[in-house]
Amino acid sequence: MSLLVPKAVVLLANVALVAIRAPHGQRSRSVPVVSSRKGVMETALLAFAFATFFIPFVWMLTAWLSFADYPLHPLTFGLGVEFLVVGLWLFWRSHADLGTNWSLTLEVRENHRLVTDGVYRKVRHPMYTSLLFFSIGQALALPNFVAGPAYLVAMVVMIVFRLSTEERLMLDTFGAEYEAYRSRTKRLMPGVW
């Protein structure tokens, strides 16, 4: 299989990711922030995720990472595409369900409400799950040991270092309502964790 195919698929998937998020980002920025937990750690995590997002493009457009190339197997590529599609659908759905309650950083906006319906009925953080699926898909679809898993590394770091802070923000904001929601849902995978 030519490298043009995985490059094109991953490029289109990343364009779709940005296209899904852009209108939600514009809409949520129009709502004033009433509480923020954005600090040094949050800024560093977002910068790291942003940087790793572009590593596949470096691989696609330059030869800098060619030392880490390996032969692509069609089965691995097909599985990667499936993960990308599921990740993109869940990313779209979680943004649609959140509406203006979504924020790039750890913020609570004016008239913020706790969303517990749609995909949030089963898990508290489906957007993280979607990005985890997306990044696994990219790791499988790109035949490069650096560019493929780069975003997956960032997503795991985000989950490890950010998820608890986000949960504390929700608990501080919504109190017993969030505690009840937390008791009946899992963080990332329905029925698992």
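The values are calculated or read from the model by the stated rules, or taken from the named source; none is laboratory data. If you're wondering where the values come from, they're calculated on a predicted model, not measured in any experiment. As a convention, Cβ positions derive from the backbone with ideal geometry for all residues, glycine included, and neighbour counts pool all protein chains shown. Protein only, heavy atoms only, side chains kept; ligands, DNA and RNA dropped before computing areas. Shrake-Rupley method; radii C 1.70, N 1.55, O 1.52, S 1.80 Å.
Go through the stretch 8-55 and give me each residue that's polar (S, T, N, Q) and within 23 Å of ILE159 (Cα to Cα).
Selection gives ASN14, SER28, SER35, SER36, THR43, THR52.
Of all residues in the stretch 62-106, count the ones that are of a type in the set (Asp, Glu) and farther than 23 Å from ALA19 by Cβ.
1
Residues being under 27 Å from PHE83 (Cα atoms) and open to solvent by less than 20 Å² (accessible area, probe 1.4 Å): count how many of those fall in the stretch 107-118.
Of the residues in the stretch 107-118, 1 are under 27 Å from PHE83 (Cα atoms) and open to solvent by less than 20 Å² (accessible area, probe 1.4 Å).
What's the number of the condition MET170 fails, among (1) of a type outside the set (S, T, N, Q); (2) under 14 Å from the mean Cα position of the chain (by Cα); (3) assigned to a helix (DSSP H, G or I)?
The one condition MET170 does not meet is (2).
Would it be correct to say that LEU152 is outside any helix (DSSP H, G or I) and either of a type outside the set (Val, Ile, Thr) or crowded, with 20+ Cβ neighbours inside 10 Å (or both)?
It is false that LEU152 is outside any helix (DSSP H, G or I) and either of a type outside the set (Val, Ile, Thr) or crowded, with 20+ Cβ neighbours inside 10 Å (or both).
Output the number of residues of the stretch 155-165 satisfying the condition of being in contact (Cβ under 8 Å) with a residue 60 or more places away in the chain and open to solvent by 70 Å² or more (accessible area, probe 1.4 Å).
First pass over the stretch 155-165, keeping only residues in contact (Cβ under 8 Å) with a residue 60 or more places away in the chain: 155, 157-158, 161-162, 165.
Keeping just the survivors that are open to solvent by 70 Å² or more (accessible area, probe 1.4 Å) gives 161.
So the answer is 1.
Out of (1) in contact with a helix residue (DSSP H, G or I) (Cβ under 7 Å, 6 or more places away or on another chain); (2) modelled with pLDDT of 95 or more, what's the single condition that is false for VAL156?
Unmet for VAL156, out of (1) in contact with a helix residue (DSSP H, G or I) (Cβ under 7 Å, 6 or more places away or on another chain); (2) modelled with pLDDT of 95 or more: (1).
What single numbered condition from (1) surrounded by fewer than 20 Cβ atoms within 10 Å (Cβ to Cβ); (2) part of a helix (DSSP H, G or I) fails to hold for ALA139?
(1)
Just give me the residues in the stretch 67-95 being touching a strand residue (DSSP E or B) at 6+ places or on another chain (Cβ under 8 Å) and without any contact (Cβ under 8 Å) to a residue 40 or more places away in the chain, in sequence order.
Across the stretch 67-95, there are no qualifying residues.
Please count how many residues of the stretch 124-136 are in contact (Cβ under 8 Å) with a residue 40 or more places away in the chain, hydrophobic (A, V, I, L, M, F, W, C) and either open to solvent by 10 Å² or more (accessible area, probe 1.4 Å) or farther than 23 Å from ALA154 by Cβ (or both).
Residues flagged as in contact (Cβ under 8 Å) with a residue 40 or more places away in the chain, hydrophobic (A, V, I, L, M, F, W, C) and either open to solvent by 10 Å² or more (accessible area, probe 1.4 Å) or farther than 23 Å from ALA154 by Cβ (or both) within the stretch 124-136 amount to 4.
For the stretch 169-193, what are the residues that are of a type in the set (A, V, I, L, M) and over 16 Å from HIS112 (Cα atoms)?
ALA180, LEU188, MET189, VAL192
Being of a type outside the set (Phe, Trp, Tyr), farther than 21 Å from TRP102 by Cβ and open to solvent by 50 Å² or more (accessible area, probe 1.4 Å) narrows it down to one residue among ARG121, ARG184, ARG168; which is it? Give the steps one after another, and end with the answer.
Details: ARG121 fails: farther than 21 Å from TRP102 by Cβ; ARG168 fails: farther than 21 Å from TRP102 by Cβ.
Checking each option against the conditions leaves just ARG184.
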